[in-house]
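The structure appears below as structure tokens.
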Amino acid sequence: MTIEVERAPREAPRRRYVGSRQKKLKGDLFVRGKARYVADIELPGMLHAAVLRSPHAHAHVKSVDVSRALEISDVVAAVSGEDARELTGPVPHFIDPAVFGGKTAEVRCLAVEKVVYAGQPVAAVVAASRNDAEAALDAIAVEYEPLEVGLEPAAGTQGGTLLYEGWEDNTIIHIPFVEGDVEAAFAEAEHTLEDEVRIQRYTTAPIETRGYVADWDTSAESLTFYGACQNPHPLRWVLSHALGLPEGKIRIVAPHVGGGFGLKMHGHPEEALVCMLSRMLERPVRWIEDRRETFLIGGREQTHTFKVAFDDEGRITGLRNNIVANVGALGAPPGWGMAFLTALSFPTGYRIPNQDVQVSIVATNKGPWNASRGYGKEATNLVMERIVDLVAQKLRMAPAEVRRRNFINKDEFPYKTNAGLNIDSGDYHGALDKALAMMGYDDLRAEQERLRAEGRYLGIGLAFELTPEGGDIPGTLVAGFDTTTVKMDPQGKVTVLTGVTTPGGGNETGIAQIVADEVGVSLEDVTVIQGDTGLCPYGFGNYSGRSMLVGGGSAALAARDIREKLAKVAAAMLETEPENLEFGEGVISRRDNPDASLPTETVAYSVLTLAFATAAMVEPTLESTRVYKPDNITHIPDEKGRIQPYPSYSSAVHLAVVEVDAETGVVDLKRFGVVHDCGTIINPTFVEGQMQGAVAMGVGAALSEELIYDDEGNLLTDRFKTYLMPRAGDLPSFEMEHQVTPSPFTLLGAKGAGEAGVGGSQAAVANAVNDALAPLGVTLRQMPLSPPNVLRAIREAAEKGGVS
């Protein structure tokens, strides 16, 4: 058969998508209000569920009577914890502490016999409408026997009131991270300091609350579950165990998600509850969380008591840090693991040879933790950056200079930390210099001196941030690899099915950019499908900044398989070698004769229609499924028993400028800048969007956000009127530059970009506020730096004669 070679115009584009600013695929759906969230899903005969929650933080449940609720018109069902125990099993832990030598507790979708936090689900009602279901909750009679409430971890470590039967105390696990000769470091130190940082409990508050729709198919004895969730395949495993169903009988579909930030990682009791209700009633059941319910889930509350050894040159030689994390009640989500990562991540990007970091993770009668953006590493960065500034303050040395003297040098990478983390690459000195230049640091210091002479308190805060991303925890469904299928049809159009999901940040567009470049098609010719266990290959979803690392990596590998087949067939058709081909945007041409070219569509069609002729040298399918495992992960312990769970380490330098009103305690953020390094950048717009959102979160954490409980364990800050997130008017325009040091351990040189920003911005603002109030002798130890906390610190410093 003769194939006519088409001549493409010489000006035909040879576009490279990776590294360019492309708009979000189907972004118009979000702009026009056409995106489909869980709350938009309507199924025939659908019912609505509401959950009755405990008003007590700690109590025995003596009885639950749902009979009056069942008498109400339009109420279809009402169930107690005892009822649910007959229909569903315990909810498996996302990361069970028992796997690592800690304590564990059984988690049920509705409480049985005892509640351990205010807001714990106790009963549920299903009705024809949400309003009917919620109204019927008042008809349920629950008899409680209140118990002593423990809200602080000190009681847990010393005995106190036990939350769980069979525990000798409330400490879930204690983990040490010790390296070097710490005793000698302090004995020989020229200087030491001791201090404390108390981090408040706060949450992620995505714009979309959690929501689930369960649809039981009686004839097939199968379940379809629509959820605002981050990890569909692992969630399927959880529901399989809780419901006693084979995984093959469960399909998880994640529609558009309005922000995840860790909150929508699974383990929530309502997931299994909604499924149980649908199976029981043989009708679709929907539950949508209200905002007060969202605030029940917290995270990050820790106290760090530390001691630092350092020399006259500002080099830190030893660190002791005792961390106590108040994780609230032990739930099935992976929240408690954040405190483990906090300790593991010390001393970030600094060379500190001797370190003793101890972390105690303690259960109390506050609401449970779930994962929160940064996953514990934000706390490490906050505390480490406060330590560096305190060293600078004691030596009267420039904060930037202390950082320079302690940074890992760029020629030392890969660099193994005290905890065994193998940091891939970076240029921390270069990023610091770039940030100082971008913000005009010397001019800022001159302006500070001028304003201080006027009695005004301007503060400048620096912070370095190191963020391990893409983690893999052995023995759990937290994996550092993922899977992607790439398919090309006879028209040259490409479909990508990937195991990573998107919480709305645009990773599907980045994956499409990678595939479009690899196979030489237009971005508009790539369709990406995510979040459907019935369609997508097995994957682990969205967490730990992993989407471009492993989703992009596996997509690139699969796309290269397609390209290799196209190249072989196109080479035969163009009478050349595959190495002599150039893949453009929908065109394959000879490098030595660009006029000799073929549309990609023609070659794709030939693969499938000339399988016994021109395309005989390839298997006649344009489909590939590949798994990508980054190189820098090892679970085989080294000689010191340490594993390396992260493939990549993004970094950043943040700089904040604030002015503090010493009479009101109000902090005004005047400027904020960041230089960020996430290795190879797939799409700068999305990287910058991730960092801007994270900085906003970090600023809120630094200045105002806090989950506050009364003495009985009831949450007081349960709506946006009392949980004070920053609004757009509270934030300046962020100034941002990129630094690129590609990772040698990932396929594309990329590092994670999804978790960075929270801790660095929080630390920069904290350092800036402390810098502003330095003339008053103030050291702030309690986060957030809200007006009451700032005024309290000023008053205490004044009472001590200017020494805090």
In terms of Cα to Cα distance under 19 Å, which lysines are near enough to Lys394, apart from those fewer than 8 places away along the same chain? Lys307, Lys800
With all protein chains modelled, accessible area of Tyr457 [1.4 Å, Å²]: 50
So for the stretch 586-672, using the alpha carbon gyration tensor with a ≥ b ≥ c as root eigenvalues (a/c under 1.5 gives rounded; past that, a/b versus b/c decides prolate or oblate), I'd call it oblate
Expected sort for 740-746, 474-480, 209-215 on mean C-beta neighbours within 10 Å, highest first, is 209-215, 740-746, 474-480
With a ≥ b ≥ c the root eigenvalues of the C-alpha gyration tensor of the chain, is it rounded (a/c under 1.5), prolate (a/b larger than b/c) or oblate? oblate
Just to verify a number: what accessible area does Ser20 come out at with the full protein assembly present, 1.4 Å probe, Å² rounded to tens? 30
With the dipole of the chain defined by +1 on each Lys or Arg Cβ and -1 on each Asp or Glu Cβ, the option from Leu707, Ala332, Phe745 whose Cα lies farthest towards the positive pole is Phe745
Looking at this model, which pairs from Lys103/Lys264; Lys114/Lys264; Lys23/Lys487; Lys366/Lys416 are more than 32 angstrom apart at the alpha-carbon? Lys366/Lys416
Debye intensity ratio I(q)/I(0), log10, the stretch 281-395, q values 0.13, 0.17 Å⁻¹ (C-alpha model): -0.58, -0.83
Note down the relative contact order for the stretch 317-410 as a percent, whole number, built from C-alpha pairs under 8 angstrom at least six residues apart. 36
Average Cα contact separation per residue, the stretch 251-399, under 8 Å, 6 or more apart, as relative contact order %: 27
Checking the stretch 330-382 for trypsin sites (Lys or Arg not before Pro) in a loop per DSSP with at most 11 other beta-carbon atoms within 10 Å yields none
Quick check: with the 1.4 Å probe, what order do His266, His56, His93 take by accessible area, largest first? His56, His93, His266
Once each part is reduced to its C-alpha centroid, what is the distance from the stretch 55-115 to the stretch 357-374 in angstrom? 22
Run through the DSSP bridge list for the chain and note the antiparallel percent, rounded to the nearest 5. 80
Rel. contact order, % - alpha carbon contacts under 8 angstrom, at least six apart, the chain: 15
Considering only protein heavy atoms, what per residue accessible area in square angstrom results for the chain with a 1.4 angstrom probe? 37
With the cut-off at 1.5 for a/c, could you classify the stretch 340-383 from its C-alpha gyration tensor as rounded, prolate or oblate? oblate
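The values are calculated or read from the model by the stated rules, or taken from the named source; none is laboratory data. Predicted model only: the values in this text are computed from it and were never measured. Here Cβ is always computed from backbone atoms with ideal geometry, including for glycine, and neighbour counts include all displayed protein chains. Surface accessibility is based on the protein's heavy atoms, side chains included, excluding ligands, DNA and RNA. Shrake-Rupley method; radii C 1.70, N 1.55, O 1.52, S 1.80 Å.
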